[in-house]
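In what follows, a structure is listed as structure tokens, so that the remarks can point back to it.
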Amino acid sequence: MKKNNLLSAFKIPLIILGVFLILIFAFMVIAPLISNTNRNKTPIVSITATNSKEYKLNEEIKPSDFDVVAKHKDGGTSTLSSDEYILSKKKIDPVGKETVLDITFSTNKDIKCTVKVKNNREKVVSFDCGYPDTTKVKAVLYTNGELSFEGEGDVLAFEDNEFPWLDYDEEENYPINAVSFAEKVQPKNMDYWFSGIETLTYIANIPTSVKTMISTFENTALEKTPDLSQCTQLLNINSAFASCKNLIAATTIPSSVIIAESAFDSCIELQKGADVSNAVGLTNASGMYSGCSKLLEVEVAPNTTDMSSFCSNCINLKNMPTIPETVKNMESAFLGCLSLEKLTNIPKSVEEMSSCFSSCELLEGTITINTNTENYSGIFNDAAIATTLNLTGSSSMLNEYASTSDNNRVLVNGKPYVEKEQQLTDEDY
């Protein structure tokens, strides 16, 4: 009897405790779920995102690294799952302290936000290189492989191309992968600066002050050239990107450039030449694309005078570009272009044509030649081997040009050429 009374004494408090626990559960768990469900029934109008993680070079940026909160039309908020939004980047930028990317709501591309994530970037070594005060500009190498030129003013010239960033103690552990310039760093001469750095793949920007870039990026691993459109003082890009074996995209050449000799020589992955439509200052394009074995499309700058060896050994080039009326030298311009088929015109301004189309096996159709130059040795040597090429135009030397062919498949105005000696004999009769 006493035992039953004891149980009865605890019965009411236990019931009250149970009800209290149920209320707490409903408030803490069920109510938010209901509230979240109701909010999700109203449209999302904006999203915000945060991410406190720091990323190393080549580390993947994952959607799950972000906390993304959606704001609904009724003013409520909800947390999005990682499959409800899309990142604009999966890798950090190769330069800078931060990487900026967009996060887009997957079911409405107009709803997005911009967020910055931290790049893991610590100083490895620094080189004083300002001019005239060496401390005014420093070339700082960071752990992410970025060589950043920081400070302000011009940069020293170094004897025998012994730039300090080409030979340093930590080179094996921290090779240079990318280059950037602070806005106030204003070098004029960048000749040979990064030549031979085979790990260099990215250039963030080029200072607007630069005037000469001879062999600046020769034999590096660049895949595309930096933007030169703002470099309005740039004059010389001789061999600037020569032997860049991975280069697939070429820059726009600014109007100030005068000489681009061998600028893209032996860029074996390059398929389209640089935009030269506004390169009105460019006159010397000798060997500009020589050895670009995959080149398919190319243009000649409007005021070019020297295009000797311009596209020599570009074995996949099929169409000859338009030749400006200013061109004087076309020696070996298309020598060894094994796939070249369609030709354009050779203007009367041309003074040198030796070996211009030598070893162009597939030449066919018609070419208009208006020059009377006597410098034409081997112009069609080993050309049009199994095809037929017809020479027309105002030139009085067409027979002489056709005579350089070894197989008599180069015609003059639709007929086999007549040798000079034969012409004289006919006149005697």
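Observations
- Residues being surrounded by 21 or more Cβ atoms within 10 Å (Cβ to Cβ) and in contact with a Ser or Thr (Cβ under 8 Å, 6 or more places away or on another chain) - total across the stretch 182-202: 7
- Extreme residue, surrounded by the fewest Cβ atoms within 10 Å (Cβ to Cβ), among residues of the stretch 213-269 that are within 22 Å of residue 185 (Cα to Cα), small (Gly, Ala, Ser) and modelled with pLDDT of 95 or more: 256
- Looking across the stretch 331-342, the residues that are under 13 Å from residue 387 (Cα atoms) and either more than 31 Å from the chain's Cα centre (by Cα) or in a loop (DSSP other than H, G, I, E, B) (or both) come down to 338, 339, 340, 341.
- Number of residues in the stretch 79-93 that are part of a loop (DSSP other than H, G, I, E, B), open to solvent by 40 Å² or more (accessible area, probe 1.4 Å) and not acidic (Asp, Glu) equals 5.
- Residue that is modelled with the highest pLDDT, among those in the stretch 163-185 that are in contact with a strand residue (DSSP E or B) (Cβ under 6 Å, 6 or more places away or on another chain), in a loop (DSSP other than H, G, I, E, B) and farther than 19 Å from residue 58 by Cα: 182
Residues are listed down the side, and each one gets a yes or a no for (1) in contact (Cβ under 8 Å) with a residue 24 or more places away in the chain; (2) closer than 22 Å to residue 198 by Cα; (3) crowded, with 17+ Cβ neighbours inside 10 Å:
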position: 103; (1), (2), (3): yes, no, yes
position: 111; (1), (2), (3): yes, no, yes
position: 116; (1), (2), (3): no, no, no
position: 129; (1), (2), (3): yes, no, yes
position: 137; (1), (2), (3): yes, no, yes
position: 146; (1), (2), (3): yes, yes, yes
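The values are calculated or read from the model by the stated rules, or taken from the named source; none is laboratory data. Worth saying up front: this structure is predicted, and the values here are computed from it rather than measured. Note that we place each Cβ from the backbone using ideal geometry, even for glycine, and neighbour counts take in every protein chain shown. We work out accessible area using only protein heavy atoms, side chains counted, and drop any ligands, DNA or RNA first. Shrake-Rupley method; radii C 1.70, N 1.55, O 1.52, S 1.80 Å.
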